[in-house]
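Since every read-out is calculated from the coordinates, none of them should be taken as a lab result. What you see is a predicted model; the values in this text were computed from it and never measured. Ideal geometry is used to build each Cβ from the backbone, glycine not excepted, and the neighbour counts take in all protein chains shown.
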Amino acid sequence: MTSTSYSSRTGDQPIGVAVLGMGNVGTEVVRILRDRADDLKARVGAPVVIRGIAVRRIEIDRGVPEELLTTDADALVARDDVDIVVEVIGGIEKPRSLILAALNSGKSVVTANKALLADYTGEIAEAAERTRADLYFEAAVAGAIPVVRPLMQSLAGDKVNRVVGIVNGTTNFILSAMAATGAGYEESLAEASRLGYAEADPTADVEGYDAAAKAAILASLAFHTRVTAADVYREGISNVTAEDLATAKALDCTVKLLALCERVSDEDGKERISVRVYPALLPLSHPLARVDGAFNAVVVEAEAAGRLMFYGQGAGGAPTASAVMGDLVMAARNKFYGGRGPGESTYAKLPIAPMGDTPTRYHVNMEVADRPGVLSGVAAEFSKRGVSISTVRQEGAGEGARLVVVTHIAAESALAETVAALAELEFEVIVKSVLRLEGTEE
Ligand SMILES: NC(=O)c1ccc[n+]([C@@H]2O[C@H](COP(=O)([O-])OP(=O)(O)OC[C@H]3O[C@@H](n4cnc5c(N)ncnc54)[C@H](O)[C@@H]3O)[C@@H](O)[C@H]2O)c1
Ligand SMILES: N[C@@H](CCO)C(=O)O
Ligand code: NA
């Protein structure tokens, strides 16, 4: 006979919450907790009460009673009247020890910290399993957009084959501004920081680390396999030029920083997973091409469900707080009624495919001398390595003519070898840029 555990709480006993960090996200979480206290009580079954808010400096006026503020996050987490810990500090070491302390003592944790989850997913998930504590992190991927819960729960009975998304608001904001108005990279980044989208260190955004952490989380959920940030191939947007965007426009494409998670087969037909983040050309007809500004979108392809698309605000204090609050209500209900949210699922343990085996299409932009034999010489280098050419376009004539080759699907390693060989040709070929082309079938 199985036993069922019910909470012994009554509706008079509040659920105690500790909020760690009062920056962009924490400020909005605290505001909603205070402004919506009656609704939250009705939705949970018991009052949800802030026991304390950990901040770095008390003296700043934050519009909350001063007695709620503390600089001692460890002591706040350890309080007996704290049932749920909301971590919105960011960073790695401090939140790691606070989250582990909370989980080890059976407290529920809600976090928006994708960097931490992607690096320490094993340690944190195992701590939650040991004490059967709740660990919720909807805000960690694509801000307000429900995507963690759909993968973990709604699609738990389906087989997910592919997840492709724009999951970083800052870089999407920058690329959209550069494409639409020709705005500069630096000024767009400064604006994204001012609007509260960028990480404390925006290198995490522009170099793709933030998107890679989110890709690791998405792939873990989609493929029931533990994937960490180190498993994700990553390129950021710092090398994307105004010329790349102009090229994209001429091809009826745009450039987006994509997170791609997919099942791929090795030569023996065994299943592996490929998880990667890079800027890529995307046809304007693709649904992700129309996602602009700090908006994010995630397309999930599942065997029975087919294609699903999730779209919305992927960054910013209030949208992210919405996702945190959804998790907080879940965790509070579990405290009140008993029961537990879903834990980590890693049973499939699929291997990660090396980046060199990853199949993609490429757009190769070359400067060449327009002389007899050059085009056939270039084409020969592609065909020698099994990289099939889809289209070739020449622009200009004489020295410095442009040759633009678009390939069919080829392995990353074959393309890299081709580019290296082109540089060795006796006639002059300068590869100006190589952009991957996603969102097409061939
Ligand atoms: N801003 C967003 O759009 C967004 C979206 C999704 C997820 N996130 C994640 O949410 C987390 C918070 O992001 P944010 O934008 O609010 O960051 P933020 O830098 O605005 O806020 C963090 C706050 O925590 C405080 N803090 C740092 N160390 C502390 C400590 N030891 N004790 C108490 N307070 C401490 C800082 O002073 C700061 O006020 C990060 O993990 C981030 O990756 C942010
Ligand atoms: N810095 C992140 C915040 C949301 O996770 C972004 O720009 O998407
Ligand atoms: Na989300």
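Quick look at the values:
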{"item": "Nonlocal amide H pairs with A112, under 5 Å, H built at 1.01 Å", "result": "E87"}
{"item": "Least to most buried among Y197, Y209 (fewest other Cβ within 10 Å first)", "result": "Y209, Y197"}
{"item": "Convex hull volume per residue for the chain, taking Cα atoms only, in Å³", "result": "154"}
{"item": "Share of Cα-Cα pairs in segment 1-122 lying beyond 21 Å, as whole percent", "result": "41"}
{"item": "For segment 299-374 and segment 15-52, distance of Cα centres in Å", "result": "28"}
{"item": "Selected from L76, L258, L68 as most flexible by GNM, with the chain as the system and alpha-carbon contacts under 10 Å", "result": "L68"}
{"item": "Helix-derived mean residue ellipticity, 222 nm - over the chain, DSSP H n ≥ 4, -39500 (n - 2.57), to 500", "result": "-10500 deg cm²/dmol"}
{"item": "Two-site FRET efficiency, S390 against N239, from Cβ-Cβ distance with R₀ of 22 Å, rounded to 0.05", "result": "0.35"}
{"item": "Mean-position separation - Cα centroids, segment 185-252 and segment 77-129, in angstrom", "result": "25"}
{"item": "Residue of S376, S188, S390 that the Gaussian network model of the chain assigns the largest fluctuation, springs spanning Cα pairs under 10 Å", "result": "S376"}
{"item": "GNM top mover of N365, N296, N113 - the chain, alpha-carbon springs below 10 Å", "result": "N365"}
{"item": "Amide proton proximity set for C253, modelled H, under 5 Å, gap of 5+", "result": "L284"}
{"item": "Those GluC sites (Glu not before Pro) in segment 205-277 that DSSP places in a loop and that have at most 11 other beta carbons within 10 Å", "result": "E267"}
{"item": "Per-residue ³J(HN,Hα) for segment 97-113, Karplus 6.51 cos²θ - 1.76 cosθ + 1.60, θ = phi - 60°, Hz, x for Gly and Pro", "result": "5, 5, 5, 5, 4, 5, 5, 5, 9, x, 7, 6, 10, 10, 9, 10, 8"}
{"item": "Whole-Hz ³J(HN,Hα) from phi, Karplus 6.51 cos²θ - 1.76 cosθ + 1.60, for segment 286-298, glycine and proline x", "result": "6, x, 6, 5, 8, 8, 10, x, 7, 6, 10, 8, 10"}
{"item": "Derived scalar couplings ³J(HN,Hα) [segment 392-407; Karplus, 6.51 cos²θ - 1.76 cosθ + 1.60; whole Hz; x for Gly, Pro]", "result": "10, 10, 10, 10, x, 8, x, 4, x, 5, 9, 10, 10, 10, 10, 9"}
{"item": "Under 5 Å, built H, 5+ apart or other chain: amide partners of V64", "result": "none"}
{"item": "Packing-based exposure ordering (other Cβ within 10 Å, fewest first) of D39, D244, D80", "result": "D80, D39, D244"}
{"item": "Beta bridges per DSSP with both ends in segment 20-165, % antiparallel, nearest 5", "result": "0"}
{"item": "Beta bridges by DSSP in the chain, antiparallel share as percent, to the nearest 5", "result": "70"}
{"item": "Mean separation of Cα contacts under 8 Å (6+ apart) over length of the chain, as relative contact order %", "result": "17"}
